[in-house]
1. In this structure, is B:ALA853 buried (at least 23 other Cβ atoms within 10 Å of the Cβ), of a type in the set (A, V, I, L, M) and under 18 Å from B:ILE784 (Cα atoms)?
2. Mind checking which helices (runs of 4 or more DSSP H) fall wholly inside region A:97-207 and carry at least 1 residues that are of a type in the set (D, E, K, R)?
3. Of all the strands (runs of 3 or more DSSP E) wholly in region B:518-595, which have at least 2 residues that are small (Gly, Ala, Ser)?
4. Would you check which residues across region B:869-885 are more than 8 Å from chain A (Cβ to nearest Cβ) and among the aliphatic types (A, V, I, L, M) and list them?
5. Would you mind finding the one in B:ASN170, B:ASN163 that is more than 28 Å from B:LEU80 (Cα to Cα), free of Cβ contacts under 8 Å to residues at least 12 places away in the same chain and in contact with a strand residue (DSSP E or B) (Cβ under 9 Å, 6 or more places away or on another chain)?
6. Counting only residues that are within 19 Å of B:ASN597 (Cβ to Cβ) and assigned to a loop (DSSP other than H, G, I, E, B), how many does region B:668-715 have?
7. I'd like to check something: does region B:701-715 contain any residue that is within 14 Å of chain A (Cβ to nearest Cβ) and at negative phi?
8. Filtering region B:925-939 down to residues that are at the interface with another protein chain (Cβ under 9 Å from one of its Cβ atoms) and buried (at least 21 other Cβ atoms within 10 Å of the Cβ), which residue is farthest from A:ILE179 (Cα to Cα)?
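The values are calculated or read from the model by the stated rules, or taken from the named source; none is laboratory data. Just so it is clear, the structure is predicted and the values come from calculations on it, not from any experiment. All Cβ positions, glycine included, derive from the backbone under ideal geometry; neighbour counts span all protein chains shown.
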Amino acid sequence: MKRQIPLMIVMILGFLFVIHTFVPHKISADFYDWWQEWAKAISPFAVVLGVISLGMVHGTKISRKAPNWQYSLVTVLALVFTAASGFIWGRQEGTPYMWLFKNVQMPMSATMFSLLAFYIASAAYKAFRARSAEATVLLIAAIIVMLGQVPLGMQISRWIPDISTWILNVPNMAAKRAIMIGVGLGMVATSLKILLGIERTYLGGGD
Amino acid sequence: MRVSHSCRSLFLALMVLSFLLIPLLSFAAESEQEYVVQGLKVEDIPDDDGTGLVISWKPLPKEKKIIEYRVYRGVTTDSLFYIGKVDVNVETGVSGDVMYFYDKDYNYFVDLQASGSLKREKQQDENSPLFRRYPRDINIIGRELKNYDILGVIPEKDFYYRNKKVEVENENGDKEIYAGFKLHHFAQMAKKLKPDHKYYYTVLAVSQARHYYPHAKPQIGIPRTNSPEKIKQFYPVYVEDKQRLQFEWGLPLFADDHNDHNIYALKKEDLQQFRNYVDAIKKKEANDLERKIDPETEIYQVDVENPAELIFNRYCGYPYTPSQIATVQLENGKVVDEENGINYTFDLDNIEDYYFVFSIDDRDGYETFTEAHPAEIIQSETLPKIPEFSQNFLYKVIDRKDDKGDYNRVMWGKPVVALTNSTYLREDKTKIMVNYEMYTNEYYKIHDVYFKVYNEEGKLIDDINEYYQDRKLKITLEKPSNRLSFVMTFNTNPDIQGEYRLEQELVYDTQSKSLKPSKLFLVSNGYSEIVDNYKYSVYKRNYTDEEFRLSKRVAGMLRELDDNIPYENAIFKGISQCDMEKGLYYASPSFVIRMTNDKKDYIVGNLYREAAEQTIVDYQNEIEKYQALIDTALTEQARMQAEQAIEYYQKQIELNKENYILKTAAQINGKDSRTKFLDKSRRIANRSFEYKLVKSDGKGHFVESSIFLTEDGKKPEEITQKFAAGFPTLGKTHYYPKPNWFQSNKLPALIATLIFGTLVFVMINRAKKGYDLYIRPIAGIEEIDNAIGRATEMGRPILFVPGLSSIQDVATLAGLSILGRVAKKAAEYDTKLLCPVRDPIVLPIAQETVREAHYEAGRPDTFDKNNVFFITTAQFAFVAGVNGVMIREKTATNFYMGMFWAEALIMTETGATTGAIQIAGTDAVTQIPFFITTCDYTLIGEELYAASAYLAHEPLMMGTLKAQDYTKFLIIIFIIAGTILSTTHLTFLINAFPEK
């Protein structure tokens, strides 16, 4: 029963959503709106689960003085203070919560994001090393596409932007679409497996 | 130097504390009086119905770092409630010298989310009159009902079925029936100010540190009724050969209290007198206002007579009718409208001697006139024509397909194609790309568009058949040209009969240095027009409207309009009484169902049968009262008035007794059944529309169609005879949008899903029967076992990231499926598996998946719930957390399975630097290259979904994989067939698939 009831819920609601995709009737639209309200109601409970997990993981580390427990202490302190500042002073513009968001979280996130530029350069170096015929084709294509995006490309030859556009719109697009078709089918297949109860790992366990 | 753990923790704690204190330390207190808002003024909003005030004040300097100004209102100075705020950008401050806040129209008053009790405003002294928003306390709200015009927004179900019948004794001692509602039955209560009532306002500033400064001294404001706004655009046109006057005008901004649209004729010699009259009524309005302030002021009498003669009058009141045109047909120069008391004769030989004036009058009796304009005299042949739609119809109204019943579609004319832009493709300007756009309607399906291109000498240089309309043409020129002429025709289904073509030029523009499209000409059966000069307006009217309302005005090249008819889910009711003890707000239980066919009376339903019956008794009492008045009337006028009143009440009684809807409702026994019948009748009335189409240049040159009439007059199938009998014109002139049960453009998707589903079943059966289903080896999947083995050998943990998306994402589900397989293997090898999660909903599912895997492997003792843990929902903070885990835990194997965004590369590069073996799988096309570059193995797109099945090696799973392969094969066949057919100009196959 522990498995069958959730499975039944998944199957019934899953098929109802499939029907909703093809049925524009008001009854179908109302059902979808109703579900969305429920989905919104579930989210806050899930956040509580997340906070409990965070507390358990880091609480255990701190209490056991596990290696690097200081990081856990910082995490817990930051969690408590940020939450408390939000609860006490609110989240409007000008509150300590918003100050923390703007002056701590946003710059830190931006820092992480800016690392991407260096990693892309590193990844490009790895990808464009002409170790094989395929890699050489990739390197040439990449050079043309990059030149096609900047005025220098036009200065070298008026064909470079055209070739760049062609590479992006034809072989690149064809490959992307092929992947997307595969992804689409994979999604439908996975959904079908879940709806028919073939795939049950999401319920916890394979069978 | 090595730092001890305690030193390090102290340092970290200090760092955290410094972070926490910075925001607090930055909010230093300053002299409060410097922050009190100056120059607070409350003024009446002009041209309105006396329900609007504008509050203005001088903003504080930018240096004061004010983040918002909060506005408070009350009917006395000792209690003012927060009503709204004006936000300020602290960095830029306020650019103007004055800030404004408008308190007008119906806006938020109170709802269920309001505070339960009265709360004083923050950081104000004990004696402050400022309070936060109105609380949902009926003892406070109830007292305010007399000070505001309150509108209750009640969800339909609550109004019809959750009301409480209440009997209230009125001032005359008569009992009145009301419907009572608790506050939670209202979606919201909205308020509007009352004319001539006193309101007090104050404003306070809030600093960036959210410090609430003292408020300004409250100022009084009294909203006053004003005359309507003066309309500037008014275009009278006289169509000489048709003896018809046509008028078109602009719309005012504020129209809530407007009552009538009027048009007057004025002889030229009377112009000065008319201007004197307009001045006099303005003075009268000013005098009325002065008398409200000081009743001792002498009454100003308008002693000038309006010399203009009324020739047109149309009601435009609630629901406001934004009509912009009027037509007056003359019969031998005469215009007669007995109902509106119009009887005027023009001297048609001297029509140029007349001026025309448009006016709007409001419910308070004020009237505003436009300037007097002479009529432009034209012949009917210069008027626009609505292009013929088909042989039987000038235009057509249909129910839009594939919707939930909230659209009617109005279609007119034949397809139009217009050139929109051009670009030179060669430097020598001998090759150009021309962009075009097509406009058609559901009736005409465009197969081919033919473009004939002529150069400046009129020589045909290209003849293009656009059998697949990709909205661009490439044209090669012998030599650069400054002007190209295009003639465009169509091959459509159904065929366009007779002459029909569009003509447009591309002319060299010296500014943009390119060929720009000129005006678009339409030539059809001898008629020619510039398409861009006109607009189409769709007017509509339902059973509850007295007049037609403008639905939408669209550009002249458009050929259809989807008219939105939203489902109503709330009833709006005025609230003026309440019972504080019972906690009930009273609303009228009556509601308008529809107007009578002659548009003279309303058919009104009532929630309560007894109230409906009581209405008839009340009418009878009124008749008796007026009968007695007739007998004692001293003047002929009083007697006539009494007779008219008796006639009115008799008509009302007859209406209540004989009208089909009310009669049928009276015969229904059950309370809910009766209400349901009235509710559905009301819905039909509100959602059924008749339509008219107008084509106009916006300056009085317009042509107006008659009301659209169908041939068969069939009623919608879903409206049974029981309801349809109350609406005889339904399906004939009135259109009711039907909800559809199937979205026809998704038929290919449905067929494909069914084929795929069937293939899945067939393949599963084959697999179950023992057929060997060959599945292509996927390196990434085959290496999973080796990767786990490597971690085991090295004695280090495995990291598994199930993507960053939510559980709704199929990629996350696929990732969790793989997690189950990997966790089982890791449990068998007794290798620690770490699984950081970004979405809290995914967390318990991932924990349960890993726990089950441990049970399946026979190692429940090794399961540690804390190894599957939540980090954060913030994208880059999550990456930082995962990277930290990789570095600190020195993971030997990293799996990334699911949906990833920009963070993918940051994670995998870090993993690569730690020397871990990395296997990734994602369906995010943009992230696949990064995974391929930085990971040892990558599952591309569909391979992610196949991995779970591949690892399971079960017939059920393998069957679905095989079905996927066969479906891909089918798709390839369609792609090849579509390419070949399109190349040979056969587009039926690609047209069979929807574009989106």
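1. The answer is yes for B:ALA853.
2. A:106-127, A:133-148, A:159-167, A:173-195
3. The qualifying strands (runs of 3 or more DSSP E) are B:549-555, B:570-575.
4. Matches in region B:869-885: B:VAL882, B:VAL885.
5. Step by step, each of B:ASN170, B:ASN163 is checked, and only B:ASN170 is more than 28 Å from B:LEU80 (Cα to Cα), free of Cβ contacts under 8 Å to residues at least 12 places away in the same chain and in contact with a strand residue (DSSP E or B) (Cβ under 9 Å, 6 or more places away or on another chain).
6. 8
7. As a first pass, look at region B:701-715 and keep what is within 14 Å of chain A (Cβ to nearest Cβ): none.
No, there is no match, as no residue in region B:701-715 is within 14 Å of chain A (Cβ to nearest Cβ) and at negative phi.
8. If we take residues in region B:925-939 being at the interface with another protein chain (Cβ under 9 Å from one of its Cβ atoms) and buried (at least 21 other Cβ atoms within 10 Å of the Cβ), then B:THR934 is farthest from A:ILE179 (Cα to Cα).
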